[in-house]
Each structure stands twice: as structure tokens, then as C-alpha cells.
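Enquirer: Following this message is one structure expressed as C-alpha cells.
The values are calculated or read from the model by the stated rules, or taken from the named source; none is laboratory data. The structure displayed is predicted, hence computed values, not measured ones. Please note: Cβ atoms are built from the backbone with ideal geometry, for glycine as well, and neighbour counts cover all protein chains shown.
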Amino acid sequence: MKPIQLRVNGQAVERDIPDNTLLIDLLRNGLDLTGTKEGCSVGVCGACTVLLDGQPVSSCLTLAVTADGCEVTTIEGLTEGDRLHPLQKAFIDYGGFQCGICTPGQIMSAKALLDENPHPSKDEIQSWMMGNLCRCTGYYKIIESIQAVADGKVST
Amino acid sequence: MMDLASVGQPAGHVEGPSKVTGQARYTADIRLPGLLYGKCLRSPFPHARIVSIDTSQAKALAGVHAVITGAELPDRRIGRFFLDKPVLARDVVRFVGEKVVAVAAESMDIAEEALTRIAVEYEALPAVFDPVKAMQEDAPRVHADTSTYTHPPVPDFVHPGDDRLYPDIPNVVSQVFYTHGDIEAGFAQAAREFTHTFTIPPVHQGYIEPHASVVQIEPDGKVNLWISNKTPFVAQAQFAAALDVAEDRVCVNTAPIGGDFGGKGSLMDSVVCYHLAAAAGRPVKMVMSYTEELLAGNPRHPAVITLRTGVDADGRIVARKARLVFSCGAYSAFTPLHTVHGSVHAAGPYRMPNVEIEVFRVYTNTVPAGHMRAPGAPQIVFGVESHMDLIAQELGLDPLEFRLRNTLIEGDAAPLGEKWKKIRCKETLEAAAKEAKWGAEKAANRGRGIGMYDREPGAFGPSSATLSIAADATLTLMTGAADTGTGSYTVLQQVVAEELQVPLESVRVVQGSTDSAPWEVGAGGSRLTHMAGQATLAAVQRLKEGLTAFAARHMETPSEQVAYRAGEFVNTNEQRLTLPTLMAALADREELPLRYTGEYVAEAPMDVTSFCAQIAEVEVDPATGQVTLQKLTTAHDVGTVLNPLTHQGQVEGGAIQGVGHALTEHLIVQDGAVTNVHLGDYKLPTSMDIPEMKTVLVESDAGPAPYEGKAIGEHSNVAVPAAVANAVFDAVGVRLMDLPVTAEKVYAALREKTARSRTMRRGNS
Amino acid sequence: MITFEYVEPESLEEVLALLEQHGEDAKVLAGGTGLINLMKQRLVQPAYLIGLRQLAHSPELAEIRPNSGLTIGALCSHRTIETSALIQHRLPLLATTFRHVASVRIRTAATLGGSLAHADPNQDPPPALLVLDARLRVQSHHGEREIELSDFFVDYYETALEPEELITTVIIPPQPADTGTAFLKFLPQTHDDYATIAVAALVSLDGDTIIRARLALGAAAATPLRVRAVETALRGQAPTPQVIHAAAALVAEEVDPLADFRGSVEYKRDMAVVFTQRAIEQAVTQARGASGNV
């Protein structure tokens, strides 16, 4: 067991956890933040993407002990009260999801992109989002959703 | 066009806010007090006798609460139609990945550790993997005795055929004939005949949510089930049968489905999950790993398709004989009904008076197959549309021209005799050809190829929906259909808003559990917009009638003099009563909310279908065989598009699944075992792998859904593999008879072609 | 997931002491994208996991430093290398190569040292580092040594690294002028895949004569492969299509690919020739236009 202290979506969290706890399990089972999804479990599909100190990581390949002292942002952390993040609104308005299982990961990856590069080209969006698989949309509307936010077309 | 307000608008998904914020709880997200985690030990053998199982070390592990084997369970087989699958293997395992022992423990880690402490001794048995070989007399039998396996009668909504279930052919589950005309007379008229055989490997549905089940047993024995199953009421019936309890002793709770594509209609781990919960006395959750999904999900049937076609001197098809062999793997339990539906498409959307289709479903010692988006159709259409191009080539005809000579036109009978109205086959093909610039000049190593398909809207089973109105006049539509993400809830919301002439936002759509919602088949077969849509229309109608009666009483006017208009009731004296006022008035006198349930059953078989024509444009690198799909044109014969945003989402998502099927996806089976068992090795298309996409909608007004809508869910994925293979031939002159169209296969075919032409040149000199 | 004890030392000395103490019972955790996957599949089952997170600000392990050549700390992430202005300017080949690895998310976590120690022969960076003549500085409780990268990869997932050793720095020697480079990754399936074959080439020209050629391949054998036969065939020659074609053809004899989901042995061998030729052509073109820019 290891004691860890971190901030999750701005809230301080202290826990004693087994050394082998994965970040995804801490979030989902320990903190009931089930917005982060587990798909492939090998770092390919991107459904488990969260931001660790602002950087996108596969929470299924990250030991929770290595998040000690870090700031973790999950999909639940994007909403301010009832106000959706522009990416969240864009994914609704532009059809950027269907079943929704990959969506938290898509939105977290997109957030990391826009944080680093607020006005990406379509090619930059496609390339950045390559690590987030979606089986429903064929990606066209995901790219449109992100482009819409980058172009300032979405207000919340 | 009709004058519509909500219907026809590109409305975002009604359930959107819950999905984009992470609030939506899928089955794997369910948490309960005392929850245990279940996991199964699976067979490493494709066919073996279980000699012994020692679970003592697993049982001794701290944190393990239940360990069960097949021998400890009731000897009852489960399934959807054919009941042939044990919950855990008994005595014999029949595929690599079959569940043998189940464990429930305090954590997934402990459950997995427990599995490593179970010793199973097997005695290998002869196995068979190829469905054609499995039908030979000397083939090992996957099931030694099928005489005790049961199944209900073939339901009447499927295409009538001559069905022979468990015929006297080794390993054959079903042999079905579909015939029309006189096949021998047809071939007698033919000037030329062509026969080709195509092979299609299994592919996985590729949903990102692995199957999950959660079972909680109440003190009185009532079972609460959460399951990633798109048809909760059907699951309830199958699950209750598997437990041998009355259906009302099982409540299937609500959960969105994280991707279906046909794959989320089976019981998967739910029954073993129940037995673990019963043994442990605590609720149990089971979530398959993606490795388990690829190894032991319910993939699309692999198939061997032989097509023989007779053509007259004018290039018109006069006869088609098809022999379709589908491997259903080790169990037929969660395959589509009696046979693979797509088989009826073996003649394509073409005029051909004489047809005989013979379909086999065959047991092999491989992963059991299931449903996937238009079951059977992509396999068959790959064959049919490749065959069309092969014939055109032999006849010296342009592939478009050959198809235009044979496409169905208004007034034609379809190959199996269906009398479709408003046939838009030729128009759809011409629209695709125009958009794709068929016939325009191409650069070297570029090619274009066509694929065609048609499919009628789903019309089976009853649908129902309950519309309620609360004291504050908010409207809630409850459906028993699980939300698979296709946008059906949004379409239903639009129907309610349209009929009541209220803003879209004033209508909620919720899923009800099997305890609370009226019976509904659920998602499948492209049926919800049609069936649930009509049920919703009926519910709105009842609500309008009910409220009009209340309004009339309140206004002291005979009800026939009261009309509903956009959120208010108006009588012939122009006296008005708004919905909120009426509901407030009723609050004292009636039990609110008021509920109105609409039901719908499609009485007649569908008299309309939807055509789809797709044109792929590829570039082939002749030095490597690499195929780059540059552009995909997808043309659809549609009815009224109720929601352009979600409709287009179905078109695009389906088409890209077709791209995966065409180019990269296949479960690689060696000695019966799937070997590419994670998403690093089973390659789904990424955001970098999508072509320029052009969609053309050829609108019609003949659909059976509300406002003359048709279906779109299982159209755009089907013909893409054929279109790509045909385009590759057009680009570099090599023909692949099997999927996927990999670079290595194209490269090998190019080398062979070069070697052949060298030999020919040498022969000529 | 297996059980293990996680330790997170504050200093390099402590890391090395722990490695000395636990030897093969311990594994070093950097980005984790390789190791955690192996542990989840129970393919690697260390009793101790030594986390390097506290060394993330150690200049030696975490920085990219210019000197006559360049040193890259083993804890630099793929993304750091890909986006480093210094790398983009001095070693554009590396920036290009690292951009081809997996997805942004994986590149953010995966480190240079971790990927080299992982020694998966299908990875992209080793061929590029091989043509740059990279060396590794490795340290143990007993001291440090340098290993030529071309001597580092021993077999499938096996390296010359001893259990108690840690890669601390990758040393890239100064690169010659009038040099062109290329990295080609053949991805016939999806863009997030491992290579069917990967080729890195470096060519220096003196006028119209190749005075230096280096070639290395990924996914072509049980280890990343430097192919000196091709280099020798090119050296001293004019880069004509015939010369390049003949030199590239030699690759077929040198590679010893493993059949996998990305291609058969025969196909990978043929593709090794095709992409070797293309990579050399591209490097030559770049060298012709180069002005001391590698």
C-alpha cells in the first residue's frame, strides 16, 4: 500500500492504494469517476485518456502511484456547474459522437490539442486524434466538432 | 415535401449532455454495495475432452468468493434461437476461448490471480476449422449429438425459404433454400455462364465497449440484471429461459450501449454472472477484456460463397445459382435465427427471373459467430459485386454499363419475387456514378469500382412507447429500446415535438427497464425509426385524444369542438387553454403524470426497399501493393430524412466500418484460435485512415417510418469491400477473391500477373 | 495486474543501488507504455518496480543538450524529442522519426531510454539512431560505460544491458556536412500501426560521389538492423538509379524478418528492398540540397 495525494478535477484527494493500482481503476472504482472508459486496455483505443498535469495519457497504462502529487483532469472536470465546455457542446451540435463510449477520451484528447495549439488545421486535428478510436462516426464529425471550436464557432 | 418543424432538422443527440460529460452510466460503470468481480478461465484447445478440473488452489485464495465449473450448473443449454450452448463447458470444449471455470472475487486482480491457480487437464480431440471441410463425411463432429438441441419454430417475419434444421449433413446446423423461377430453364437460356468462389474471413464488430454484465439477486430471488445488450426485453426472455424462471423474475435495467453494430444482442457472460452471484451471495460484475472480445466474442460469420450466373447474348442476367457456406463456429446459440439473413441478397438488386440460393450454416471448432451490421450481407455482396465485375470484364462491358442493363427498375419483380414499389435502383447508381465522375480520366494506378446493395426497413416484432405528461406539462417518452447511439432516441423526440408542435427541448426521452417500459424488441435490423417511430406516433395520438377530452371538459365544450394546436387547445369559440394551464387544473383531480402508451406491429411485409450504390476510388502502389482509398462516394435511396445530422452519422460511420472490412480487418485464425487478440493487432481504421467521402441522397417518399422515412443503419457498410476490390482491379488489373484487400495480397497478385505475362511473351516469341 | 512493490527513489544513486540490490527481480519504470502492458499480460513479473519519476528534472536524464553533437537524456519523452526546436534544427531525422511513433498520447509518456531498453525490433527510433551512430551511456552502482547502439540490441527483446544497469543518456556524435537523411515507415494497414518495414538512411555527398552511407532497418529481423553491405556498396559511387537499385537489392540477403500480422517473411524482405531504395533516393535528394543540415 502507498499513500498518495493528488488533485482530481481541482479537488484534493488522499488515498492509501495498493502499489499495482492503475490510474483508471483509482478513478473509476476509487473515486466513482466512471466517465473515463476502458476499451482496449493496451493503450491503443484512447477511451481512457485523461490529462495528467495537462498532458494526455492512457490511464489504463498509468500506475496511480505515479500520479502522486499531480493534477488529473477527467471528463467530469470539464463542466463548470451546468455549463458545458465548448468541446462538449460542439460534439453534441456537430454529431461528434454516437454511442458515446469513446467520447470522454476523444474530448480529453481534443482538449489537450487545443490547449497546446488553439487553431489547428484539419490535418493537425486528424493526426493528433489518431490515437482515439471511434467505431460509430467514421471520424468526420469528430474532426468537424473540434474544428468548430478551434474556429470559434461554439459558444457556451 | 411535407411542412415540418422538428422533423427534418439536424438535431443533436437528445442524450448528448449525459454522454459528453461522462455522466452516462454504461453497464461497466454500475457500482453496487458488496460488488464482486467475475472472470472466466477459457479453453486453450479448439476441441478437447475435459478430463479433470482442480479449483482447490483458487478457492483457497483470499478474496475469492465463488469458483464454479460447468458440472456444478444445471445441464441447460442457452441461446437465442438454437439452444446449443452450455453456460460453462461441460465435458467437452469446442473452441479456443470457451469458458470452462468462473471465479468471483473482491477485485479483478484477485479474480485473475485465482484463474492462474486452476488446473484443468484436457485430452485433445480432432478438430475442424474450415466449414467446407466440416461438411465432409470424414470430418470430426463438433457436436457428437444434436438430437437434444431445441429451437422454436422459424418466425414468420423472416423471408420464407425451405428450411432444413440439422439436416443429415455433417456439422450442418441449417440448410436453407430460397428459390424463384425455374433455375434449370434459366441456365438453358444463357449464352454464357460464369462461376466464381469468394472467401471472407471473420471480422469483429469493433465496438469500443467490451461486453459487461452485472447481476444482483434480491432476497426474494428476483434478479436485477444490467447488461450491454441492445434488446433488453429479448435478453430478459433468453436469460429467464437460461435460469428456468418466469420472465417477471428478471428485471433488465437501463444502460446505454457503448457500440453495438449487431454484436450486443447476446447474453454473453450474464448467465455465468448470475451463477457466480448466486454462489457468492453478493452482486457480481463481469467485464470482458478486449482480448476476450476478439478471442471469444460473436464475430461476423466467415463465409465461402460460390456464385454461378447465366447471361444472355445481350448481357442480361437470366439465372443465378448461389451456394453460401457460413461457419457459425462452435455454437449457433447467438447467430441470427435459422440462417444468416443476408443470404437473400445473393442475387443483388438486379433483374433475374430464375434464382436458387442454397445456404449452409456449419459448425466448426472456432469462435461462435453472431450478428454484425447487416448479418451476412457484406460477405455476400463482396461476392456478388465482384462477380458482376468479373462477368462485365468477360463480356467486354464497362462495369457501370453492365449493371445499368440489369438493375431493377420500377415495375420489376426483385430476384426472389418481391414486388417493391418506387424502385430507385438505377437512379441511385446513376447518382453515384455522376458524383464519382465515373468515366473521367484517371491517373496511372488509379481505379474506380462499384458496389451495390439494397435493404428494406426492419419491420419485425412489436414496438411500443409510453408518453407521459407531468403537472408542469413536461413530456417524457419512455422506450424499452436501449440506446446504441444511432440517434433513435432523438428521432423519437423529434416525432413527439413535431406532432405536438412543441419545441424539441420540451420532450425528454428515457429508457425504461423491463419492469417499467412497455414491451419493445429494441434495436436491430434497422427497425427503430420505423417501428418505435410508429409506436411513438400512436402514443402521441392517444395523448392528444386523452388531453383533448380533459380540455373539453375543462372548457365545457363537446370534445369534437376542441382542437389541439401547438401547445394549446382551442374550441370553436376561439377559447384557448394552454397545456400548462390544463395540467395545473388536472393536478388536483387526476393522478399525474398522465401516461399514454402507443403500440405498433407492422402487419404486411415491407413493400419498399432502399438502394445503395457506392464507388471507391483507389490508388495502388505497384511496387508494394499498398491500396490507398482516395475517395468514397456513397449514394442512398432514402425516404424523408428525419434527422440529417444523425442520418449522415450512420452513413459515415457505416462506410468507415466498410473501409475497415475492405482493407485491414480480419480475425486471424490459426489452428482454430484467433491470434490477433488486441487492438494493436486487430486494426480498426483511425482518423488518419479515412477517405474523402461524398454522400448523395436520392430522395423518395415511400418509407414506412413516420413522415415516410426509411432506414439507413445497415446500408453504407455493406458494399464498400466489393467497391474497393473492384477499384483495385480497375487500377492495376489484379482481382482478389478474398478479404481483406491487403497490400501483401495485391503485391503477390501483381507479381503473379507479371510472371504470367512474361511467360506468355516468352511463349509467343 | 500482477502484484509488486513500487519504489520511487529520489536520486540516480539510489536507483542504481536498488538495481544492484534486486537485480533481475526489479524493473525500471519510465513511461510505462511498454512495461505496464507486459506486466498486465503477465509476460514480465518483477517483484520491485523502480519508478524514475523523481529524476524527471535531473539534467543528465531529462535534458537535450547540444555539444559538438548532442546528448539526449534517457527520460526525454518521444514527444519532447519530436517537438524540440534543437532536434528539429540539428537532427530533423529524429524529429521526423519520433513523430511516426504510435499516437501523441503514447509519445507523451514513452521515453527514449524506455523504448531502447524495451528492444522491440518493430520500433521506429532505433533505425534512425543507428544511422546517426548513436551511443548509449549506461550506469550502474559500479560505474558507467558506453555502448555503441549497433552493439546494444542482442536478440528479440534482449539487449546488452545488465540487470543492474540503467540507460542514462543517448549520445549523438556530430554529423557530417552535405548530408541527407530519410526515415520511411511502411504502413500498409492503419496509420497507428507498427511498421511492416522501416528504413532510415543517411547519405553524405562530395560533389556527385557518395562518401558516406548508413542504413538501418526496423521490423526486419529479431533486432533493429544496421546494414553495412548496402553502405559499402554505395560508398565511392555516384548516386545513380542503377547504383542505388543494386545497393538496395543487397538488403534482401541481410534482413531476417519475423512473420507477423504486418507481413510474411517474403513480403517484408521484398519491402525492405523497395523502401531501402526509396530511403536512399530521398536521402540523396536531401543531401544534394543540403548545406550542412542533417
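Enquirer: Quick test of your reading of the structure: B:T640 fulfils all but one of (1) in contact with an Asp or Glu (Cβ under 9 Å, 6 or more places away or on another chain); (2) crowded, with 24+ Cβ neighbours inside 10 Å. Name the failing condition by number.
Expert: (2)
Enquirer: Sort out which residues of the range B:500-513 are crowded, with 22+ Cβ neighbours inside 10 Å and outside any strand (DSSP E or B), and write them in order of number.
Expert: B:L500
Enquirer: How about the range B:2-103: which strands (runs of 3 or more DSSP E) wholly inside it have at least 3 residues that are at pLDDT 95 or above and touching an Asp or Glu at 6+ places or on another chain (Cβ under 9 Å)?
Expert: B:36-42, B:48-54
Enquirer: Also, quick follow-up: Could you list, in sequence order, all residues of the range B:347-358 that are assigned to a strand (DSSP E or B) and closer than 25 Å to B:A613 by Cα?
Expert: Within the range B:347-358, B:Y350, B:N354, B:V355, B:E356, B:I357 meet the criteria.
Enquirer: With B:G297, B:G258 as the choices, which residue is crowded, with 24+ Cβ neighbours inside 10 Å and in contact with a Cys (Cβ under 8 Å, 6 or more places away or on another chain)?
Expert: B:G258
Enquirer: If we keep just the residues of the range B:737-759 that are in contact with a helix residue (DSSP H, G or I) (Cβ under 9 Å, 6 or more places away or on another chain) and away from chain C (no Cβ under 14 Å), which is nearest to B:G625 (Cα to Cα)?
Expert: B:K753
Enquirer: Still on this structure, I have one more. Being assigned by TED's automatic domain parsing to the domain that holds C:V284, in contact with a strand residue (DSSP E or B) (Cβ under 6 Å, 6 or more places away or on another chain) and surrounded by 22 or more Cβ atoms within 10 Å (Cβ to Cβ) is the requirement here; does C:T196 meet it?
Expert: Spelling it out, C:T196 is indeed assigned by TED's automatic domain parsing to the domain that holds C:V284, in contact with a strand residue (DSSP E or B) (Cβ under 6 Å, 6 or more places away or on another chain) and surrounded by 22 or more Cβ atoms within 10 Å (Cβ to Cβ).
Enquirer: Name the residue, out of B:A602, B:A532, B:A538, B:A523, that is under 24 Å from B:R455 (Cα atoms), in contact (Cβ under 8 Å) with a residue 40 or more places away in the chain, aliphatic (A, V, I, L, M) and touching a strand residue (DSSP E or B) at 6+ places or on another chain (Cβ under 7 Å).
Expert: Answer to the check: B:A532.
Enquirer: Would a scan of the range B:228-235 turn up a residue that is crowded, with 19+ Cβ neighbours inside 10 Å, touching a Leu at 6+ places or on another chain (Cβ under 8 Å) and at pLDDT 95 or above?
Expert: Yes: the range B:228-235 contains one or more residues that are crowded, with 19+ Cβ neighbours inside 10 Å, touching a Leu at 6+ places or on another chain (Cβ under 8 Å) and at pLDDT 95 or above.
Enquirer: For the range A:25-96, please list each of the strands (runs of 3 or more DSSP E) lying entirely inside it that holds at least 1 residues being surrounded by fewer than 24 Cβ atoms within 10 Å (Cβ to Cβ) and facing another protein chain (nearest Cβ under 7 Å).
Expert: Of the strands (runs of 3 or more DSSP E) lying wholly inside the range A:25-96, those with at least 1 residues that are surrounded by fewer than 24 Cβ atoms within 10 Å (Cβ to Cβ) and facing another protein chain (nearest Cβ under 7 Å) span A:55-58.
Enquirer: Right, something else. Checking the conditions here, which among B:S270, B:S266 is touching a Phe, Trp or Tyr at 6+ places or on another chain (Cβ under 7 Å), buried (at least 21 other Cβ atoms within 10 Å of the Cβ) and under 24 Å from B:G376 (Cβ atoms)?
Expert: That would be B:S266, the only listed residue that is touching a Phe, Trp or Tyr at 6+ places or on another chain (Cβ under 7 Å), buried (at least 21 other Cβ atoms within 10 Å of the Cβ) and under 24 Å from B:G376 (Cβ atoms).
Enquirer: On to the next question. Working only within the range B:628-681, note down all residues that are in a strand (DSSP E or B) and either within 14 Å of chain A (Cβ to nearest Cβ) or touching a helix residue (DSSP H, G or I) at 6+ places or on another chain (Cβ under 8 Å) (or both).
Expert: Across the range B:628-681, the qualifying residues are B:L629, B:K631, B:L632, B:T633, B:T634, B:A635, B:H636, B:D637, B:V638, B:A673, B:V674.
Enquirer: Quickly run through the range B:204-227 and pick out the residues that are farther than 29 Å from B:H666 by Cβ, touching a residue at least 12 places away in the same chain (Cβ under 8 Å) and surrounded by fewer than 24 Cβ atoms within 10 Å (Cβ to Cβ).
Expert: Result: B:Q216, B:I217, B:G221, B:K222, B:V223, B:N224.
Enquirer: Shifting gears a bit: Kindly indicate whether B:A119 is more than 14 Å from chain A (Cβ to nearest Cβ), surrounded by 21 or more Cβ atoms within 10 Å (Cβ to Cβ), touching a residue at least 60 places away in the same chain (Cβ under 8 Å) and not charged (D, E, K, R).
Expert: no
Enquirer: On to the next question. In the range B:539-562, which residues are modelled with pLDDT of 95 or more, small (G, A, S) and farther than 26 Å from B:A517 by Cβ?
Expert: Within the range B:539-562, B:A551, B:A552 meet the criteria.
Enquirer: From the list C:I171, C:I167, which residue is surrounded by fewer than 23 Cβ atoms within 10 Å (Cβ to Cβ) and either part of a strand (DSSP E or B) or among the acidic types (D, E) (or both)?
Expert: None of the other options fit; the residue is C:I171.
Enquirer: Also: Take the range A:111-132 and flag every residue that is touching a residue at least 12 places away in the same chain (Cβ under 8 Å) and in a loop (DSSP other than H, G, I, E, B).
Expert: A:P118, A:H119, A:P120, A:N132, listed by residue number.
Enquirer: Filter the range A:14-33 down to residues that are in contact with a Leu (Cβ under 8 Å, 6 or more places away or on another chain) and within 22 Å of A:K111 (Cα to Cα), then give me how many there are.
Expert: 3
Enquirer: Select, from B:E568, B:E574, B:E619, the only residue that is assigned by TED's automatic domain parsing to the domain that holds B:A377 and either at pLDDT below 95 or acidic (D, E) (or both).
Expert: Being assigned by TED's automatic domain parsing to the domain that holds B:A377 and either at pLDDT below 95 or acidic (D, E) (or both) holds for just one of B:E568, B:E574, B:E619, which is B:E619.
Enquirer: Out of all the residues in the range B:1-42, which are within 30 Å of A:N9 (Cα to Cα), small (G, A, S), more than 10 Å from chain A (Cβ to nearest Cβ) and buried (at least 19 other Cβ atoms within 10 Å of the Cβ)?
Expert: none
Enquirer: Still on this structure, I have one more. Could you tell me how many of the residues in the range C:235-283 are touching a helix residue (DSSP H, G or I) at 6+ places or on another chain (Cβ under 9 Å), surrounded by fewer than 24 Cβ atoms within 10 Å (Cβ to Cβ) and not acidic (D, E)?
Expert: 19
Enquirer: Right, here's the next one. Given the structure, is B:A727 assigned to a helix (DSSP H, G or I) and closer than 27 Å to B:H647 by Cα?
Expert: yes
Enquirer: Which of the residues that make up the range B:284-304 are over 13 Å from B:M268 (Cα atoms), within 14 Å of another protein chain (Cβ to nearest Cβ) and not in a helix (DSSP H, G or I)?
Expert: B:R300
Enquirer: Return the total of residues in the range C:187-222 being assigned to a strand (DSSP E or B) and without any contact (Cβ under 8 Å) to a residue 40 or more places away in the chain.
Expert: Looking only at that region, the number is 4.
Enquirer: One residue is enough: does the range A:3-24 have a residue meeting the conditions over 19 Å from C:V7 (Cβ atoms), in a loop (DSSP other than H, G, I, E, B) and either in contact with a Pro (Cβ under 8 Å, 6 or more places away or on another chain) or aromatic (F, W, Y) (or both)?
Expert: Looking through the range A:3-24, none of the residues is over 19 Å from C:V7 (Cβ atoms), in a loop (DSSP other than H, G, I, E, B) and either in contact with a Pro (Cβ under 8 Å, 6 or more places away or on another chain) or aromatic (F, W, Y) (or both).
Enquirer: Being in contact with a strand residue (DSSP E or B) (Cβ under 7 Å, 6 or more places away or on another chain), part of a strand (DSSP E or B), within 30 Å of B:A655 (Cα to Cα) and not hydroxyl-bearing (S, T, Y) narrows it down to one of B:H159, B:H196, so name that one.
Expert: On inspection, the qualifying residue turns out to be B:H196.
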